[in-house]
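The values are calculated or read from the model by the stated rules, or taken from the named source; none is laboratory data. Everything quoted here is computed from the prediction, not taken from an experiment. Cβ sites come from the backbone with ideal geometry, for glycine too, and all protein chains shown count toward neighbours. Please note that ligands, DNA and RNA were not included when accessible areas were found on the heavy atoms of the full protein model with its side chains. Shrake-Rupley method; radii C 1.70, N 1.55, O 1.52, S 1.80 Å.
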Amino acid sequence: MSLALEINKKQLNEDSWEEPYFINMGPQHPSTHGVLRLLLQLEGETIVGCDPIIGQLHRGVEKLAENLNYNQAIVLSDRLDYIASAANNIAFALAFEKLMGLKVPRRARLIRTIVCEMARICNHLLWLATHALDIGAMTVFLYCFRDREWLLNIFEKICGARLTHTYVRVGGVRLDFTQEIIDDLYKFTEEFPNRIPDYETLIDINRIWLKRTKNIAVVSAEEAINLGLTGPCLRGSGVPYDVRKFRPYDAYDEVEFIVPTGKNGDTYDRYRVRMEEMRQSNYIIKQCLDKLPETEGEPILAEGAPDLLMPKRLKEPKPMPVPKKGVVFRGADKPIVPVGEAFAAIESPKGELSVYVVSDGSSNPWRLRIRTPSFVHISAIPELTKGHMIADLVAIIGTLDIVLGDSDR
Amino acid sequence: MSGWINKLKDQFSSVVLEVQLDKDYPTVICNREGFLDLIKHLKEEKGFTYLIDLCGVDYLNYKHKKFEERFEVVYHLYNLDTKELIRLKVRIKEDDCWHYSVTPLWKTANWFEREVYDMFGIKFEGHPDLRRVLMPEDWEGYPLRKDYPLYLDEEQEWAVYKGLVEKTKMERGK
């Protein structure tokens, strides 16, 4: 107590107060969305300097991937952005397919698009829930988690996992959709647009919500590009850059959708962009579901895709089965993966997720570089927080939509 | 697109070493000296305003290597108006391990360069705040280099952690 009183006394007498006032926010702070530590330099309650310190969740995914084969590396991608892991899987798979020159069947592409948009809705629901909770709206949190549960149950039916899917394979997907899943998804797409107004009526013109989000962390379009912001954070500033439109992958060139943008580039606009994106995602899922019957009976894995040998649990130990054509082994005589490099990017729910892979012809990638949106967004926090109050920092971290597993890799 | 890239070779003859158009995206291999002029020209004249990615690659003992240098720093630039993507590469020698920083041009390069320094030990000249970003500040070695082992021996472990373990053992012994 004595120290606090001393600081208080010093602050009252401003002339004798010369030292900068430092405060540590995190890594155990509940609204830093993980283990983000912010070293804040304060002037009263105003932030004058901010130094984000990350790395508490660093697992060395890039180093680990160099020592695993391509299909095993996809398993690691789940652990990056664990809220929308299906989207990460697709980014990895796209880069590897480009490297190997595989042509993914249309049915697999449609299924991937559905899964990717489901992940986007999941992510935005969780983002809205936690963002609203940080600012103080508890009911939204409960509503969002109710609906997210619905999607996670469908994910469970698709691949057996709720959070870390590993559903996408190099060259396609692991399992085909059954009729039950399609029916469930149809039911979801019909009901979900009616649920979005539920959240909006709670906060859209709520006085506290507007006070906390309007004119907070305003970024101009040029500044946003310079800072490397992507995804809804960039579109909130009015730049209609969306990888799904600019460099279409999977089945995005077949479907119609609008890229919502904001005007002012503040926290409220980014919130509006994400709400609109959920509606568009829902619409994309519906279009893909309508197209699925056309591809009935098509294979879901590309020809010559590297197989993942899974040890089967047998009662009697049997010798390992003879590997099929296309299996990648360490030190195989004939390299299936050509020497070269490939770059693929997707519009993950949080922003642009790009993978750059260099191959030396063996079964393992020589170098796997992952550019994650959260890493870039955290690096923008010092610029965005300058001049704001410490209470706004919580809203700024929320609006950037960061996950520390994504940034630390 | 290939037209103006070939012109680039004439305009920056001392910087551009090679232009590869057969890759998935046009790749320009550059000299370190004068690189800043080239990338400034691309950003301000050609409209490549968005730096997607900046990363390092270690080519130690790479079987199909056609050049001497050990490291490569790879840039992916994007033009939001013409939807063009271009890849720039700069090769760095091991005993001359530094490169020019592009942080004055892009704020987003700040942390990318810190990460390359953290993982490969390539220093960036002109960077305002070159520190480790993902690894602890007192970490020894550069983890993504090819000669850095996947599993460390007991002697090589992080000094701070090792000290902590030894201290705890001592105290328990008492």
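The mean number of Cβ atoms from other chains found within 10 Å of a Cβ in peptide A:61-74 is 1, as a whole number. Accessible surface for chain A, divided over its residues, is 42 Å² per residue with a 1.4 Å probe. How many percent of the alpha carbon pairs in the range A:109-248 exceed a separation of 26 Å? More than 26 Å apart: 39 percent of the Cα pairs in the range A:109-248. The order of the peptides A:56-68, A:114-126, B:57-69 by mean Cβ neighbours within 10 Å, most packed first, is A:114-126, A:56-68, B:57-69. Take each residue in A:235-242, count the other chain C-beta atoms within 10 Å of its C-beta, and the mean is 1. Here is the list for the range A:204-294: GluC sites (Glu not before Pro) lying in DSSP coil, each with at most 15 other C-beta atoms within 10 angstrom of its C-beta, are A:GLU254, A:GLU256.
Quick one: which bits of the range A:344-361 get at least 40 Å² less accessible when the partner protein chains are in, versus the chain alone, with a 1.4 Å probe? Flagged in the range A:344-361: A:TYR356, A:ASP360.
Quick check on my link table: of B:LYS46/B:LYS93; B:LYS65/B:LYS107; B:LYS40/B:LYS146; A:LYS386/B:LYS43; B:LYS40/B:LYS123, which ones sit more than 24 Å apart, alpha carbon to alpha carbon? Provide the component values of the computation, followed by the final result.
Working: B:LYS46/B:LYS93 29 Å; B:LYS65/B:LYS107 33 Å; B:LYS40/B:LYS146 32 Å; A:LYS386/B:LYS43 27 Å; B:LYS40/B:LYS123 20 Å.
B:LYS46/B:LYS93; B:LYS65/B:LYS107; B:LYS40/B:LYS146; A:LYS386/B:LYS43, as the Cα separations exceed 24 Å there.
Assign one of three labels to the range B:1-155, namely rounded, prolate or oblate, based on the Cα gyration tensor with a ≥ b ≥ c the square roots of its eigenvalues; rounded applies when a/c is under 1.5, prolate when it is not and a/b is larger than b/c, and oblate otherwise. Spell out each step's value before the answer.
Numbers: a/c = 2.14, a/b = 1.58, b/c = 1.36.
Prolate shape, in that a/c is at least 1.5 and a/b is the bigger ratio.
Ignoring ligands, DNA and RNA and using a 1.4 Å probe, state the total buried accessible area between B and A in Å², rounded to the nearest 100.
Values: alone 11010 and 18970 Å², together 26030 Å².
For B against A, buried area totals roughly 3900 Å².
When the helix-only estimate is applied to chain A (DSSP H runs of n ≥ 4, each -39,500 (n - 2.57), divided by the residue count), what is the mean residue ellipticity at 222 nm, nearest 500 deg cm²/dmol? Write down the numbers at each step before the final one.
On the way: 16 runs with 193 residues, N = 409.
About -14500 deg cm²/dmol.
A helix-only calculation puts chain B at -8500 deg cm²/dmol for mean residue ellipticity at 222 nm, using -39500 (n - 2.57) for each DSSP H run of at least four residues, averaged over all residues.
Go through the range B:115-134 and flag every residue whose accessible area shrinks by 20 Å² or more with all protein chains in place compared to the isolated chain (probe 1.4 Å). Buried by the other chains: B:GLU115, B:ARG131, B:VAL133, B:LEU134. Surface composition of the protein assembly as shown: carbon plus sulfur atoms contribute 52% of the solvent-accessible area (1.4 Å probe, protein chains only, all chains present).
The residues of the range B:2-139 expose, per residue, 42 Å² of accessible area to a 1.4 Å probe.
A prolate overall shape is assigned to chain A, the ratio a/c of its alpha-carbon gyration tensor axes (a ≥ b ≥ c) being 1.5 or greater and a/b exceeding b/c. Contact-buried residues of the range B:135-174, at a threshold of 40 Å² lost accessible area versus the chain by itself: B:LEU144, B:LYS146, B:LEU150 (1.4 Å probe; DNA, RNA and ligands ignored).
Taking every pair of distinct Cα atoms and averaging 1/r, then inverting, what Kirkwood hydrodynamic radius in Å comes out for the range A:86-150?
Numbers: mean 1/r = 0.0734 Å⁻¹.
After inverting the mean inverse Cα-Cα distance, the result is 13.6 Å.
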